[in-house]
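Report on the structure given below.
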Amino acid sequence: MNWQQDEPKVIDEEMLKQAIEEQGPQGQAGDISKKEGIQYEDVLQLRLDYRNILKIYHLWHFTSLKKLQLDNNVIERIEGLENLTNLVWLDLSFNNIEVIEGLDSLVKLQDLSLFNNRISVIENLDALQDLHVLSFGNNAIAQLENVLYLRKFKNLRTLNLAGNPICEEERYKTFVTAYLPDLVYLDYRLLDEQTRETANTKYKYAIEGMQQNELQKQQAMEAQKISNEELQLHKDAFVEFLNGPQLFNSMFDEDPDGEKLALLPGMEALLDKMEALCVQIFDAGLTQHAQRTAEVESFFTCSREAVADNRQKAAQIAADFESSRRQKIVEMHQITDVELLEDHISSCQEQANQLSETLMSLELQLVDQLEDIFKDFERNISDMVGGFIEYVQGIYPFCRDLENQHHEQQLEIALATLEKVVKNELEEEIPDDMAMLLVDKDTVTNAVSASHDTHLLKIDNREDELLTRINNWMSGLLKSIHDEEVKRNRKRISEIRNYVSYVKDELEDMRLSEHH
């Protein structure tokens, strides 16, 4: 084929536009689409096969893409697919790929073909847990045990490994069937019950041992997942690590002298009191996070309903206009009188102007409605965040008071202990590290004061971090909502203008054709 004689290419804007126009709507719909411009984020399917592509590039805007064909090129590396998170079907067959990589974000992928490449190891697919169909035929996979990697894909039903060195092993079919018991098709053939029974008998004991190990790993992974989800919830509420002694412990992370001084007799009480205050903030944070989440969901629900209702009204108006317009176009093609035709064209143009005004008016109503919804939401979310900040700022002073009390108590106990050491009246044995601090009054006072300063700084920093993050979250959320609304509004205005422009251009073409 001629494409093989061309220079290898990188996917660029020109190639993408050409592919989309070839595969997109034709006729009137295609003309309107061209006027509106190509919206990459709206494209659902894309064919880029047989284009001598060497490097995958320029695909980051195709965020809605579900099906992508990149087969029959000269691609050497899987890359540039990170933003295609809605991809369900991906064909990379007949390329020069040696390593499986760059697929971690494609978590919705169900059908993946890497047929006829240069792959020697099945790997780096862990994130693709929804895989149903997988093709590695005609590659260089030589280790049959590598198939065990695929046991983690519980939805896998169709697997193609034909044409790999592993297929030459006598035990290939029974091994794959035994270790991948949910497979329905292997190398284009339905796995029959006889094959399954033979495989299960042969590998029964080995599989039982493996299943036990997998169960333990699965249980550990599930426990870790629950732990990670809980931590993420706490982070989203801005109160992570405040449900226990973590703040207290962190006060001593960079305070070695403080750790020694904490061993002085009578210094245990602070921990319980500090932890109780932190738990108050933690509980309030989770409660408020639930309220904020409900408020955000309510806002987006109201906004979506307003947009959908407005779009439905606009669509009905546009459909009625389009039906009437097509009928009039048919009638005008039958008119032979130039002046009469001109009157009809002028009338249609006026109707197009009226349509534009009606649709723009509807859009303006929606903008006002959404602005009212946004203002209510902004007020509610600001009140929520402000109330939580006020609560937090009311608790942290108690933490500082506790530390001040702790400091005074610690200094008093340390000086009393020093006096006993000097008089040789100390009954308890003290660690050598602490004894080095109990040299004289200045050494003790300096150590206690430095420890106190470190602790106050830790408390201040944790409070500042919480307040900064929740304020940043709120301002970021409000800004993103505003930016998305501006983007939606501009797109809608562009759609209206492009459609009306198309209608007027068609009428103008009719006028010119009559004059000629």
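In table form, for the structure just shown:
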item: Residues located in region 389-428, provided they are over 24 Å from residue 255 (Cα atoms), loosely packed, with under 14 Cβ neighbours inside 10 Å and under 46 Å from the mean Cα position of the chain (by Cα); result: 390, 393, 394
item: Region 78-114: number of residues that are in contact with a Gly (Cβ under 9 Å, 6 or more places away or on another chain) and open to solvent by 50 Å² or more (accessible area, probe 1.4 Å); result: 1
item: Qualifying residue in region 319-331 (condition: in a helix (DSSP H, G or I), of a type in the set (A, V, I, L, M, F, W, C), surrounded by fewer than 17 Cβ atoms within 10 Å (Cβ to Cβ) and at pLDDT below 90); result: yes
item: Close pairs (7 angstrom Cβ cut-off, 6 or more residues apart or separate chains): over 30 Å from residue 349 (Cα atoms) and assigned by the TED database to the domain that holds residue 365 in region 473-501, open to solvent by 40 Å² or more (accessible area, probe 1.4 Å) and among the aromatic types (Phe, Trp, Tyr) anywhere; result: 481/374
item: Residue among 86, 73 that alone is of a type in the set (S, T, N, Q), assigned to a loop (DSSP other than H, G, I, E, B) and over 24 Å from the mean Cα position of the chain (by Cα); result: 73
item: Flag if residue 371 is surrounded by 14 or more Cβ atoms within 10 Å (Cβ to Cβ), assigned to a helix (DSSP H, G or I), of a type in the set (Asp, Glu) and out of contact with any strand residue (DSSP E or B) (no Cβ under 9 Å at 6 or more places or on another chain); result: no
item: First in region 349-371 and closer than 30 Å to residue 509 by Cβ, second anywhere and open to solvent by 50 Å² or more (accessible area, probe 1.4 Å), Cβ under 8 Å, 6 or more apart; result: 349/504; 352/504; 355/317; 356/497; 358/317; 359/317; 362/313; 362/317
item: Members of region 429-448 found to be without any contact (Cβ under 8 Å) to a residue 12 or more places away in the chain and either within 14 Å of residue 256 (Cα to Cα) or exposed (fewer than 13 other Cβ atoms within 10 Å of the Cβ) (or both), listed by number; result: 429, 432, 436, 442, 446
item: Scope region 356-368; condition surrounded by 17 or more Cβ atoms within 10 Å (Cβ to Cβ) and polar (S, T, N, Q); matching residues; result: 356
item: Boolean, residue 504 is in the same structural domain as residue 322 (by the TED database), surrounded by 14 or more Cβ atoms within 10 Å (Cβ to Cβ) and not hydroxyl-bearing (Ser, Thr, Tyr); result: yes
item: Qualifying residue in region 33-48 (condition: surrounded by fewer than 17 Cβ atoms within 10 Å (Cβ to Cβ), of a type in the set (Ser, Thr, Tyr) and either touching a residue at least 12 places away in the same chain (Cβ under 8 Å) or not in a loop (DSSP other than H, G, I, E, B) (or both)); result: no
item: Residue match in region 140-151 (condition: free of Cβ contacts under 8 Å to residues at least 60 places away in the same chain, farther than 21 Å from residue 90 by Cα and in contact with a Lys or Arg (Cβ under 8 Å, 6 or more places away or on another chain)); result: yes
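Conditions tested, residue by residue: (1) assigned to a loop (DSSP other than H, G, I, E, B); (2) out of contact with any Leu (no Cβ under 7 Å at 6 or more places or on another chain).
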residue: 162; (1), (2): yes, yes
residue: 198; (1), (2): no, yes
residue: 206; (1), (2): no, yes
residue: 227; (1), (2): no, yes
residue: 257; (1), (2): no, no
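Table: residues versus (1) small (Gly, Ala, Ser); (2) outside the structural domain of residue 393 (by the TED database); (3) more than 29 Å from residue 477 (Cα to Cα); (4) open to solvent by less than 60 Å² (accessible area, probe 1.4 Å).
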site	(1), (2), (3), (4)
256	no, no, yes, no
272	no, no, yes, no
276	yes, no, yes, yes
280	no, no, no, no
286	no, no, no, yes
291	no, no, no, no
297	no, no, no, no
303	yes, no, no, yes
309	no, no, no, no
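The values are calculated or read from the model by the stated rules, or taken from the named source; none is laboratory data. Here the structure is a predicted model, which means the values were calculated and not measured. Cβ sites come from the backbone with ideal geometry, for glycine too, and all protein chains shown count toward neighbours. For the accessible areas, the whole protein counts, side chains as well, though only heavy atoms, and no ligand, DNA or RNA atoms are used. Shrake-Rupley method; radii C 1.70, N 1.55, O 1.52, S 1.80 Å.
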